[in-house]
Amino acid sequence: MKFVQLGDRRVPAVAVGCMGLAALGEKECDAFVSAALEHGLNFFDHADIYGGGACESAFGASIARLGVAREKIVLQSKCGIVPGVMFDFSEKHILEAVDGSLRRLRTDYLDVLLLHRPDALAEPAEVAAAFDKLEKEGKVRSFGVSNMHPCQIEVLKTCVKQPLIADQLQFSPAHAGMISCGFEVNMCTDAGISHDGYILDYCRLHGMAVQAWSPFRYGFFEGVFLDNEKFAGLNAVLEAVGEAHGIGKAAAVAAWILRHPAKMQVVTGTVKPAHLLDIAAGADACLTREEWYKIYMAAGHILP
Ligand SMILES: NC(=O)c1ccc[n+]([C@@H]2O[C@H](COP(=O)([O-])OP(=O)(O)OC[C@H]3O[C@@H](n4cnc5c(N)ncnc54)[C@H](OP(=O)(O)O)[C@@H]3O)[C@@H](O)[C@H]2O)c1
């Protein structure tokens, strides 16, 4: 299993996203978590809103039933999206959200807390006060963000003193704007416009890990491109590249993401052990430049 640097930890390059756990029964959930752990996938990505809290609860219950020692797993959760309000980075909300996650996950600390989506009304001083309290009380060990561009991170850093170790961002061959704008520099093309303030380069400059969410989706939850006839060309290339490395198509996608020198983490969404293990196999494959570019172009992107 390939590892990547996340702050001062080495973590598996494949992170197990837990957004779909609430759909599983107890036995299925235990089997999924066990399969992940047996294969060294011990980094779990949560959020307080997944399943309205039910995903964290299902995971916490599984870990308790399976008797997994807390230090054997790395737990990340996110806060800041509030159904009915929208976004809330107030000190009070962050503190309450973390207490809720800890309770549902049946633990007394999170390894990583991410701010889920930017809150336009955020006061950096309030975020900093929350982070200081959480750190002092031992409830959160490291902090990061999600779906933020460089300036938003810099604004937070005017007050937040802890290192921000990760930005979790949507990224896949079919959602590769972070890469495309770097190719189409100074061209009058839509993809030449940066929609993210050059966050990929910013993360590399500042030693932040990029965690790629929805590695198999296109658009904003529009659909999955694997086995999708709309992406027939991409599927054919993924199949051929996968075959060359003795892995499946989903694993070839993971290998494509992990081939990037930013040393990203792939955050998977499957809740099927077989799919998860298939994807994990991709972490060990190293694509050639030719394979990497072929996948990029087969997803419909141009190169100058
Ligand atoms: N920070 C954010 O704003 C944000 C937003 C969304 C998600 N996330 C995180 O990212 C994780 C992944 O998100 P996602 O569920 O949208 O992404 P994904 O990994 O791209 O999953 C999309 C779907 O692909 C399906 N799939 C079909 N064939 C597959 C195959 N052969 N192998 C693997 N998967 C296959 C999976 O279904 P099956 O279950 O049938 O395998 C899964 O439901 C979430 O769990 C969450 O932790 C973060």
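Couple of notes before you dig in:
- Filter on 92/161; 78/139; 92/157; 78/249 - keep pairs with C-alpha separation over 25 Å: 78/249
- Per-pair calculated FRET efficiency, R0 = 51 Å: residue 227 and residue 132 via Cβ, rounded to 0.05: 0.60
- HN-Hα J in Hz across region 107-123 - Karplus 6.51, -1.76, 1.60, θ = phi - 60°, x for Gly and Pro: 9, 10, 8, 9, 6, 9, 10, 10, 7, 5, 8, x, 10, 4, 9, 5, 10
- Listed by chain and number, the aspartates and glutamates whose alpha-carbon sits under 18 Å from that of residue 272, ignoring those within fewer than 8 places in the same chain, are 26, 28, 30, 38, 45, 56, 227.
- Percent carbon-and-sulfur accessible area, the chain, ignoring ligands, DNA and RNA, probe 1.4 Å: 56 percent
- Mean residue ellipticity, 222 nm, helices only, the chain: the sum of -39500 (n - 2.57) across DSSP H runs of n ≥ 4, divided by residue count and rounded to 500, is -12000 deg cm²/dmol.
- Accessible surface, 1.4 Å probe, highest first, among residues 270, 288: 288, 270
- Counting all C-alpha pairs of the chain, share separated by more than 37 Å (%): 13 percent
- Over the chain, relative contact order from alpha-carbon pairs under 8 Å, at least 6 apart, %: 18 percent
The values are calculated or read from the model by the stated rules, or taken from the named source; none is laboratory data. This one's a predicted model, so the numbers in the text were calculated from it and none came from an experiment. Note that each Cβ is placed from the backbone with ideal geometry, even for glycine, and that neighbours are counted across all protein chains shown. Surface accessibility is based on the protein's heavy atoms, side chains included, excluding ligands, DNA and RNA. Shrake-Rupley method; radii C 1.70, N 1.55, O 1.52, S 1.80 Å.
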